[in-house]
Structure formats: structure tokens, C-alpha cells
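Everything below concerns the one structure shown next.
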Amino acid sequence: MAPKVLVLGGGIGGVEAAFALCHKCFDVELISDRDYLYIYPISIWIPTHEYEWEDVILPLEKVAEVNGFKLTIGKVEKISTKEKKVYLADGTVKEYDYLVIALGGTKVRHKGSENFLSICGKPEESLELRKRIDELIERGGGVIAAGFGGNPKDPTGVRGGPAFEFIFNLDCYFKKKGIRDKFQLHFFAPMPKPGIRLGEKNAERAYKMLDKLGVKRHFGRKIVEFKPDGILFEGDYFLKSDLTMFIPATDGHLVFRNSDLPLNEAGFVKIESSCAVPGTDETVWAIGDSAAFEGPKWKAKQGHIAEVMARIVARNLKNKIDGNPERESYIHHLHILCLMDMGPCWMSGALVFRDDKRSIMLPLPFIGHSLKKLWGWYYKSSKLKRVPRIPGFDAP
Ligand SMILES: Cc1cc2nc3c(=O)[nH]c(=O)nc-3n(C[C@H](O)[C@H](O)[C@H](O)COP(=O)(O)OP(=O)(O)OC[C@H]3O[C@@H](n4cnc5c(N)ncnc54)[C@H](O)[C@@H]3O)c2cc1C
């Protein structure tokens, strides 16, 4: 009988792991608290009406059916690696031979978090953002602030790209409607050089773009509290805003604190370079946003890295079963790759790349936006096996 692998989490990493493990003939069951995969990279277009909810989700039942894994909808509450059991909120207990943890993370807490909406939070928040933007348009305009925060305990959880994408898309949306002059757009972050992980030159290019579009920058000010009418920064600096979109940095998932897993300071699951969780004799593996990354200083949690890790786990696990001592490392696959979307205007996107040697931002006027859309179509179609997979064409 094929060994049973339990995959926790139906996001980008979990679904890829389930797919790759099925391919290696394991008996795979995926557990997710949502019955759909939310494709975060293309959800940036919901607030500007470019995409509907249905465009950015993949029903997991369909994905499971075409790829041959079992799906259970349930909320994981606790993992016991000693017992080799996973406890669900409805009282169900799942046993496994091998476990792949891909539950993503939680968000760093901020005072007044009820006063902002996040494009990276609960999927429904993107619809709420859209509603609030529509209301401001109806009111004849307003002030919108977008920003992102840090995680001093683990900077890999900082997610700034979608905040830039959000404000670029808004600018373009308002311009197309002929109402850009009715809105003041602001961009804020507590670090003096937000986005520096992309490389100094790339970050400077992004700031120049903000300046060019008339988006006012507020950098290097520590956030004290989010208020209903704006953001209070250190030094009594108050930024008035009718709508605040904020991306708190990612922190370790709360389930991990309730489990017997080795965690780093931020609560991410410690892993070896093979993605195996230390001390579990390679029975437990962790990938994507759930894992504590080692490697270069600029490393970042990204969807395409979650997918690479998922495939590495499938190969390493197969080697373990076959008695082959070879293990592949995720560390030399680490790089930053993102198709930064700027909306359907003339300067519609840029390809951003960062590794140890290079930091490149390649402008993609007119085609960048369509390329990201094409990736979204490919992602959905390939997961449903409607088109063949293109090796290396991972998350944008
Ligand atoms: C707006 C946005 C834009 C982005 N753009 C890009 C981009 O352009 N390129 C790129 O490479 N990356 C991008 N990213 C990052 C990328 O989306 C993440 O790195 C990736 O989703 C991580 O995958 P994951 O599977 O580790 O976690 P997730 O995608 O967060 O998946 C975790 C899954 O676990 C499930 N889950 C959580 N808790 C439980 C529980 N207790 N029980 C059961 N199930 C649970 C969740 O429902 C979810 O399905 C973006 C992220 C955001 C938010």
C-alpha cells in the first residue's frame, strides 16, 4: 500500500505538494479550511472591478478530482508529531505516515487593526475594499492610504509588492474613469527604504514611479495606531485617510504554537534545507509561508518559492522511501521574482528579479498587465489539467 501523506493547507504550496506527491504515487489527502484555493497574486484586481470573485478562486473539489487526491474541508487546530496525528476543530483526528505543512501564516498584530482593510488578509476583504472604494467614488472622491508593515523577528514575512500594486492599480483605475484629481493617494511604511529587499536600484525605481503618479510617500515612521480616520505615526504625525489598505507582515500560524513543532522566534516552522522538520525523522515537512527560511539576507516568502519547495518535498520524500540518501535543498532556489502589476495603463508592469548577483527591474509597458493575467489563466488551467504544465512557469 502507498504511504499516506497528509497535506495541510489548500493554498499555492499545499495544492502543488498534493499534485507532486500524487505524481510520485503517494496516497494523498489534503485538508483545507476553505473549499477553494484563493489565488492571491491576481486578487489585486478585485478592488478595481477588473476581476470578480470567481476569477481568483479555484474550487478545491475540482482540483482534487482531476489530480487524484482526497480532499477534506476542516480546520486544523493542533499537530502532534509525536503521536503522528492532526486534530481538527470538529473533533476529527487524522493519522498520517508523512505530513506536509502548508498552512501559510498569520499576521503581525497592530493597534486599531479594525480600522484598515488588507488585500493580503481574509479573501473577503478584497470585496470590502472594492465596496469602500465605490462609496468614495459616489461621494465624489477622498483620501486613500496604502502601506505595509515589518516583522522584526523575521523579515521574510514582509509583503510590500501587493501594496505597490494596489496603489498603482488604483491610480490607473481613477485615471481611466477621469476622476484621478478627486483622489489623494498616499503610500506609507515604517522602514526608511521599503522594498529594499528587491535591491536598492529596484526600490528607487518603485519610489520614482510613486512620485511620477503623484502618490505621496510617508517612509520611516513607526506606526502607533490605526484610527477610523487615518494613521497615527510616532512623533504625533497623523495621516488622514478615508480608506486605509494595510498589509501587516506575516507571522507564524497560531496552530503551530498549539503543536509540538520546532519554531523560530516569529513562530515559523524550522526546517532543514530539504524542507524536513528537524527531529521528526523526515516524517514531517514544512513549505511556503509556514516555514522559517534560511539563506540570503534578502530572501522572501513568495508563491513561486512555495511551489518549488512543494516539488522538492515530493522528490525528497520519494528518495527517502526508496532508500536513496540524496536530498535536494530549497536554498539555492531562493530568488525574488515578481511581475509587478501597474494596472491596465500604458506603464502596465515590470518584471522584478533579485538574486545574489543581480537586481533587475525590466519595464514591461503595454504588456506587463496582460502577462500577469495570462499567468493567472495558466495557473488555473494547469491546476485543472486543461493545459499542459510548462516547467519553471511558477507563480509570477
Ligand atoms: C495580494 C498578494 C499578492 C501576491 N503576489 C504574489 C506574486 O505576484 N508572486 C508570488 O510569487 N507571490 C505572491 N504573493 C505571495 C503568495 O501568495 C504566498 O507566498 C503564497 O500564497 C504562499 O503559499 P502557502 O501555500 O504557503 O500559503 P497560503 O497561500 O496562505 O495557503 C495557506 C492555506 O492554508 C489554509 N489554512 C490556513 N489555516 C488553516 C487551518 N487552521 N486549517 C486548515 N486550513 C488552513 C488556508 O485557507 C490556505 O488555503 C502574494 C500574496 C498576496 C497576499
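The values are calculated or read from the model by the stated rules, or taken from the named source; none is laboratory data. Computed from a predicted structure; not experimentally measured. Ideal geometry is used to build each Cβ from the backbone, glycine not excepted, and the neighbour counts take in all protein chains shown. Surface accessibility is based on the protein's heavy atoms, side chains included, excluding ligands, DNA and RNA. Shrake-Rupley method; radii C 1.70, N 1.55, O 1.52, S 1.80 Å.
General remarks:
- Residue in region 274-322 that is nearest to the ligand (Cβ to nearest atom), counting only those that are of a type in the set (Val, Ile, Thr) and not in a loop (DSSP other than H, G, I, E, B): Ile305
- Residues located in region 329-366, provided they are in a loop (DSSP other than H, G, I, E, B), away from the ligand (no atom under 16 Å from the Cβ) and not assigned by TED's automatic domain parsing to the domain that holds Lys301: Pro344, Cys345, Trp346, Met347, Asp356, Lys357, Arg358, Pro365, Phe366
- Cβ pairs under 7 Å, 6+ apart, first in region 371-389 and farther than 23 Å from Leu351 by Cα, second more than 12 Å from the ligand (Cβ to nearest atom) and of a type in the set (A, V, I, L, M): Leu384/Val66; Lys385/Val66
- Complete set of residues in region 228-252 that are within 16 Å of the ligand (Cβ to nearest atom) and of a type in the set (Phe, Trp, Tyr): Phe246
- Qualifying position, being at pLDDT 95 or above, of a type in the set (Asp, Glu) and in contact with a Phe, Trp or Tyr (Cβ under 7 Å, 6 or more places away or on another chain), among Glu125, Glu77: Glu77
- For region 231-272, the tally of residues that are over 19 Å from Gln184 (Cα atoms), among the hydrophobic types (A, V, I, L, M, F, W, C), open to solvent by 10 Å² or more (accessible area, probe 1.4 Å) and outside any helix (DSSP H, G or I) stands at 3.
- Pro41 vs. criteria more than 18 Å from the chain's Cα centre (by Cα), within 16 Å of Pro123 (Cβ to Cβ) and in contact (Cβ under 8 Å) with a residue 24 or more places away in the chain: no
- Of the residues making up region 1-49, those that are of a type in the set (Gly, Ala, Ser), outside any loop (DSSP other than H, G, I, E, B), near the ligand (Cβ under 6 Å from one of its atoms) and over 19 Å from Val93 (Cβ atoms) are Gly13, Gly14, Ser43.
- Failed criterion for Leu60 (all others in (1) under 30 Å from Ala189 (Cα atoms); (2) in contact with a Leu (Cβ under 9 Å, 6 or more places away or on another chain) hold): (1)
- Apart from one condition, Pro192 fits all of (1) open to solvent by 60 Å² or more (accessible area, probe 1.4 Å); (2) within 26 Å of Arg358 (Cβ to Cβ); (3) part of a helix (DSSP H, G or I); the exception is (3).
- Ile321 vs. criteria closer than 19 Å to Val100 by Cβ, under 19 Å from the mean Cα position of the chain (by Cα) and either in the same structural domain as Ala17 (by TED's automatic domain parsing) or open to solvent by 20 Å² or more (accessible area, probe 1.4 Å) (or both): no
- Of all residues in region 132-146, those that are in contact (Cβ under 8 Å) with a residue 40 or more places away in the chain have Cβ atoms under 8 Å from Cβ atoms of residues that are assigned to a strand (DSSP E or B) and open to solvent by 50 Å² or more (accessible area, probe 1.4 Å), 6 or more apart or on another chain, in Gly142/Gln184; Val143/Gln184; Val143/Lys240; Ile144/Gln184.
- For region 168-189, filtered to residues that are under 22 Å from Ser118 (Cβ atoms) and in contact (Cβ under 8 Å) with a residue 60 or more places away in the chain, the residue that is most open to solvent (accessible area, probe 1.4 Å) is Tyr173.
- Restricting attention to region 69-116, the residues that are in a strand (DSSP E or B) and either within 12 Å of the ligand (Cβ to nearest atom) or surrounded by fewer than 18 Cβ atoms within 10 Å (Cβ to Cβ) (or both) total 20.
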